[in-house]
Amino acid sequence: MSVEVRGLTKAFGPVSAVTDLSFEVGDGTVTGFLGPNGAGKTTTMRMMLGLIAPNSGTATIDGRRYADLPRPSATVGAVLDGSGFHPDHTALHHLRVYARMGRYGNARATQVAELTGVSSFADRATRTLSTGMRQRLSLATALLGDPRVLLLDEPSNGLDPEGIAWLRTFLRDLAAEGRTILVSSHVLSEIGQTADHVVVIRQGRLVATGPTSELSGAAAVLVRSPQADQLRSHLRVPADVLGPDTLRIHGMTTAEVATAAAAHGIALYEITLERPTLEQAFLNLIGDDQ
Ligand SMILES: Nc1ncnc2c1ncn2[C@@H]1O[C@H](COP(=O)(O)OP(=O)(O)OP(=O)(O)O)[C@@H](O)[C@H]1O
């Protein structure tokens with residue numbers, strides 16, 4: 001794993017922003033870093049980039065702290081907030097200044113402008129740019145050094161639905177090239193379809209991590225039957241009683257439930273597979289914080 005966070009802890013005075021947080025970001029994957037507002041996502045990313053010092057713990061990229069990397073911007077690209085642009089510079093000028101600083105050249109500035117859609121507003125002063133345009137410009141800046149690792153804090157903030165859809169595909173393509181991407185959001189739906197893995201934090205602590213497909217948990221079978229009680233008494237798995245004639249059965253497939261009902265001569269009026277949504281799983285994990 002090229003990105004590892006171990007026991008990271010940071011308090012601002014009496015506020016515990018991040019507490020004993022550990023996770024890894026798999027190479028060639030998009031990992032969603034999720035949590036409600038104030039959960040500690042930005043603080044974690046700032047520590048990963050050496051912008052603030054942790055009270056304890058480590059964040060390493062290729063086994064080194066960000067500040068110890070030989071050429072940080074060629075290894076890690078970051079989007080933190082859509083500010084930090086000189087207000088009178090045009091978008092392209094901004095990219096050229098950063099390209100020069102990193103010794104990447106003007107051609108690379110033009111190339112990342114095209115990749116990110118910045119070319120459509122390349123000649124506008126950054127002070128006139130919308131939030132979504134600033135996000136694209138930040139992303140373009142982060143890509144200048146062709147980094148293998150990308151740390152993106154709420155990059156879909158301010159993007160319109162078309163922009164969000166574009167970002168999803170863009171991140172997937174970057175991961176397919178073998179890059180390692182950590183992307184934060186407080187809205188699961190924005191990255192749920194994009195992320196291979198998720199790291200969910202709440203009040204600075206890890207609450208869940210794993211493949212996105214596993215986060216939503218197992219499906220259940222919903223049945224409506226005039227003999228629901230009788231059906232329930234024949235099951236060897238847990239079933240929630242949702243109403244006088246409705247059950248939610250866990251741990252069986254629809255075929256197994258239908259076969260069990262038929263074996264006992266029980267009529268079924270309705271039988272459906274209930275897949276828990278990722279959104280629901282996320283809301284359950286973060287409790288009332290959202
Ligand atoms: N410089 C600071 N001084 C004091 N408290 C801070 C500072 N930075 C962050 N905090 C606090 O640390 C906690 C975590 O904040 P952080 O910005 O990391 O959360 P977040 O998950 O990024 O939230 P959001 O989704 O709203 O961006 C919050 O309680 C916040 O108020």
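We did not get these values from a lab; they are worked out from the coordinates using the rules stated. Just so you know, these numbers come straight off a predicted model, no measurement behind them. All Cβ positions, glycine included, derive from the backbone under ideal geometry; neighbour counts span all protein chains shown.
Quick notes on this structure:
- Helix-derived mean residue ellipticity, 222 nm - over the chain, DSSP H n ≥ 4, -39500 (n - 2.57), to 500: -9500 deg cm²/dmol
- Going from the fewest other Cβ atoms within 10 Å to the most, the residues THR43, THR253, THR29 appear in the order THR253, THR29, THR43.
- Charging the Cβ of each Asp and Glu at -1 and of each Lys and Arg at +1, and nothing else, the dipole of region 144-290 about its Cα centre rounds to 480 debye.
- Among MET133, VAL25, HIS93 the positive-end extreme of the charge dipole of the chain (Cβ point charges): HIS93
- Computed about the Cα centre, the dipole magnitude for the chain is approximately 940 debye when only Lys and Arg (+1) and Asp and Glu (-1) carry charge, each at its Cβ.
- Full extension of the chain between GLU114 and MET101 yields a length gain of 2.7 nm, computed as 0.36 nm times the residue separation minus the alpha carbon distance.
- In percent, rounded to a whole number, the relative contact order of region 143-276 is 20, using alpha-carbon pairs under 8 Å and six or more apart.
- Structural descriptor for the chain: relative contact order 21 percent, calculated from alpha carbon pairs under 8 angstrom and at least 6 residues apart.
- Taking HIS86, HIS197 and counting other C-beta atoms within 10 Å, the order from fewest to most: HIS86, HIS197
- Between region 104-169 and region 182-229, the alpha-carbon center distance in angstrom: 29 Å
- Distance (nanometres) between label positions extended 7 Å along Cα→Cβ at TYR269 and ASP68: 6.7 nm
- For region 1-140, the relative contact order works out to 21 percent when only alpha carbon pairs closer than 8 Å and six or more residues apart are counted.
- Given charges at Cβ of Lys, Arg, Asp, Glu: the chain dipole, positive-most of GLY77, LEU182, GLY287: GLY77
- Against the compact-protein benchmark of 2.2 N^0.38 Å, the Cα-based radius of gyration of region 220-274 scales to 0.93.
- Fully extended contour minus Cα-Cα distance, from SER22 to ASP88, at 0.36 nm per residue: 19.7 nm
- Largest mean-square fluctuation among ASP27, ASP245, ASP153, in a Gaussian network model of the chain whose springs join Cα atoms under 10 Å apart, belongs to ASP245.
- Relative to the compact-globule estimate of 2.2 N^0.38 Å, the Cα radius of gyration of the chain comes out at 1.26.
- Sorted by Cβ neighbour density within 10 Å, fewest at the top, the residues GLU4, GLU279, GLU177: GLU177, GLU279, GLU4
- DSSP bridge orientation in the chain - percent antiparallel, rounded to nearest 5: 65 percent
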